[in-house]
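A short write-up of the structure that comes next.
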Amino acid sequence: MSESTVRIGLVLPDVMGTYGDGGNALVLRQRLRMRGIDAEVVEITLPEPVPELLDIYTLGGAEDSAQRLATRHLQRYPGLQRAAERGAPVLAICAAIQVLGHWYETSSGERVDGVGLLDATTSPQDRRAIGEVTTTPLLPGLSAPLTGFENHRGGTTLGPEARGLARVTRGVGNGVGDGLEGVVQGSVLGTYMHGPALARNPELADFILTRALGVDHLEPLDLPEVDQLRRERLRA
């Protein structure tokens, strides 16, 4: 982290931004600023290499053609991979999980090699998972239920090096019948939850921030409107 500013990378919002997941970077920035910590969002678009020295990275969801573009770009410019190797937190939403895995299949059945940051593979399923999803976190340090909106047809199978972020209590999750939602491996955290996910799940947002700041704990922010949003979504 730089001496004065936490830099949050919004990776390829021009192709991996279909579902408004760029809002996750804004949530992280705002939660830092509300604590008196300077922060900025750095957008990395297709014409640009991915820098390896940012403090946090976020990637959003997209369709098949955009996934291909993102995969090729990250393979050509491996700054994200190098950042993850040194422990920088990476938040991957929906299709970004697939891009960061070993391989994924398109809707037409073509297999595409992924970036390889996650021990995961993804294949299309018969039915699309769409609707509210609620889960119980499995990651130490998280205790509150996680909530989001899933919209995907991919079924993601985790290998032995990866583990699930949470266990599904409502909805589909990773879509392969194991009851898991999302993935955690090293400094990479992935979820199929849109929303944006961090706007609905402040504990998860602060978990990412503690990793970036190198601290064990952040005092919770008093945001009644966020609490109300969570209550509404958990009842939906």
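Just to confirm, what accessible area per residue do you get for the chain at 1.4 Å probe, in whole Å²? Numbers along the way, then the final one.
Values: 10270 Å² over 236 residues.
Using a 1.4 Å probe on heavy atoms only, each residue of the chain averages 44 Å².
Cα atoms only, segment 89-173: Rg and Dmax in Å?
In Å, with Rg to one decimal and Dmax whole: 13.1, 39.
At 1.4 Å probe size, with the rest of the protein present, what percent of the exposed accessible area of segment 1-139 is carbon and sulfur atoms?
46 percent
I'd like the distance separating the alpha-carbon centroids of segment 130-158 and segment 1-70, in whole Å.
21 Å
Which ³J(HN,Hα) values, rounded to whole Hz and listed in residue order, are derived for segment 152-165 from phi using the Karplus coefficients 6.51, -1.76 and 1.60 in 6.51 cos²θ - 1.76 cosθ + 1.60 with θ = phi - 60°, glycine and proline given as x?
Taking θ as phi minus 60°, the curve returns 7, 10, x, x, 9, 9, 8, x, x, 7, 10, 9, x, 6 Hz for segment 152-165.
Which far-off residues, 5 or more places away or on another chain, put their amide H under 5 Å from the one on ARG153, with H placed in the peptide plane?
ALA129
Determine which residues of segment 219-236 fall in the zone a paramagnetic label at SER143 would reach in this model, i.e. backbone nitrogen under 15 Å from the point 7 Å along Cα→Cβ.
219-221
Quick one: what are the phi-derived ³J(HN,Hα) couplings along segment 66-71, Karplus 6.51/-1.76/1.60 with θ = phi - 60°, whole Hz, x for glycine and proline?
Karplus values, whole Hz, x for Gly and Pro: 5, 4, 4, 4, 5, 4.
Please report Rg over Rh for segment 139-236, where both radii come from the alpha carbon positions and Rh follows the Kirkwood definition.
So for segment 139-236, dividing Rg by the Kirkwood Rh gives 0.97.
How much of the pair distance distribution for the chain lies past 30 Å, counting alpha-carbon pairs only, in percent? Before the final figure, lay out the partial values.
Details: 4788 of 27730 pairs.
Here the long-distance tail beyond 30 Å is 17 percent of all Cα pairs in the chain.
Taking the simple approach of a point 7 Å from Cα along Cα-to-Cβ for both ASP178 and GLU161, what is their distance in nm?
A separation of 1.5 nm, rounded to one decimal place.
List the residues, sorted by chain then number, that are 5 or more residues from VAL42 or on another chain and whose placed amide H is less than 5 Å from its amide H.
ILE8, GLY9, LEU10
Report ³J(HN,Hα) in whole Hz for each residue of segment 227-236, in order, from the Karplus equation J = 6.51 cos²θ - 1.76 cosθ + 1.60 where θ = phi - 60°; Gly and Pro get x.
Taking θ as phi minus 60°, the curve returns 4, 5, 4, 4, 4, 5, 6, 5, 8, 5 Hz for segment 227-236.
Can you compute the helix-only [θ] at 222 nm over the chain? Use -39500 (n - 2.57) per DSSP H run of at least 4 residues, normalise by all residues, nearest 500 deg cm²/dmol.
Calculated from helices alone, the mean residue ellipticity at 222 nm is -8000 deg cm²/dmol.
So what are segment 59-136's ellipsoid semi-axes, whole angstrom, largest first, if each one is the square root of 5 times an eigenvalue of the alpha-carbon gyration tensor? Intermediate results must be reported in sequence, preceding the final value.
Numbers: eigenvalues 92, 56, 22 Å².
The equivalent ellipsoid of segment 59-136 has semi-axes of 21, 17, 10 Å.
The values are calculated or read from the model by the stated rules, or taken from the named source; none is laboratory data. Note that the structure is a prediction, hence the values are computed from the model and not measured. So basically every Cβ, Gly included, is an ideal-geometry build from the backbone, and we count neighbours across all protein chains shown. Side chains included, ligands, DNA and RNA excluded: accessible areas come from the protein's heavy atoms. Shrake-Rupley method; radii C 1.70, N 1.55, O 1.52, S 1.80 Å.
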